[in-house]
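Here the structure comes first, spelled out in structure tokens, and everything after it is commentary.
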């Protein structure tokens, strides 16, 4: 930053990890400046190209010159260069689990119902006027979730996309875990469902009607250790076919365990609500969300994986 250089060590080559480590390089005066002047952290390479995706980070390392510069810039829309896709008839499916049978191992999460569900509902249903579907019961067993998803597919005509949706957002809140081969959601009965199972339901082969629009997965879970016997059943977005069009967002980077703070849902609601009318891309919003969360809690850093080759722009759906 400026003339000062810091050597950082990264656990993995992701944008989220680079952002977290870069944030740790800031001094208190920089953090104070960001708070008082409403600034965010921006990363660029030595050619002044903005770094915002995992692919950008990997490319810099492959070139042999992984040197980045930190800029503090205002929270304001940037010019979108390249392809962009506007979406306004979006189906939002949320699975929020706040009550568990084994409270010694899985203490109930009141924040899921009181904070997360309300934040996401205010953003996507009330502000953007998207179709918002969420489970009504705070307890959801593995069988309950399977039945819930089957019913959503039928009720909303997803096989043929009869409602002409142009985007899908899936949100998971509750307990979960991240392993070497993927992620899981812990159900109320203590069983695991791989997140990849939900992704499989909407991949290009199984749901051809959803092939040409973005599918955003928001995994906002309270992380915990996952049992080893489940490991072979867990698959993630990395290395799988047919996942073009997916953007996956985690509430924290792999390897970090944090409590349920509802930071992601709150920051996402605030930043998307305040910027989407200006044509701000969701890709840029994610940078602002990452920075905002790092400012509030250095251990709670967002990570994302992107398999979309265009910028996503939210538009409010007009009431019929």
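Peptides 3-11, 279-287, 20-28 ranked from most to least packed by the mean count of surrounding Cβ atoms within 10 Å: 279-287, 20-28, 3-11. Potential lengthening of the chain between residue 136 and residue 122 amounts to 3.4 nm, from the contour at 0.36 nm per residue minus the alpha-carbon distance.
Between the range 181-223 and the range 91-114, the alpha-carbon centres lie 17 Å apart. Over the range 85-169, all Cα pairs binned in 10 Å intervals from 0 give whole-percent P(r) values of 16, 41, 32, 10, 1, listed from short to long. Sorting 184-197, 59-72 by average packing, meaning the other beta carbons within 10 Å per residue, from highest down gives 184-197, 59-72.
When all alpha-carbon pairs of the range 15-74 are counted, what percent fall beyond 19 Å? Cα-Cα pairs of the range 15-74 separated by over 19 Å account for 30 percent. Here the scattering of the range 118-227 is modelled by Debye summation over its C-alpha atoms, one equal scatterer each and no solvent; at q = 0.11, 0.13, 0.15 Å⁻¹ the log10 of I(q)/I(0) is -0.38, -0.53, -0.71. Histogrammed with a bin width of 5 Å, the alpha carbon distances of the range 1-132 distribute as 2, 8, 13, 13, 12, 14, 15, 12, 8, 3, 0, 0 percent, first bin at zero.
May I ask for the distance between the Cα centers of the range 138-168 and the range 273-292, given as a whole number of Å? Value for the Cα centre distance between the two parts: 28 Å.
Values quoted throughout were computed directly from the atomic coordinates according to the rules given, and no laboratory measurement underlies them. Model, not experiment: these values are computed from the prediction. Ideal geometry is used to build each Cβ from the backbone, glycine not excepted, and the neighbour counts take in all protein chains shown.
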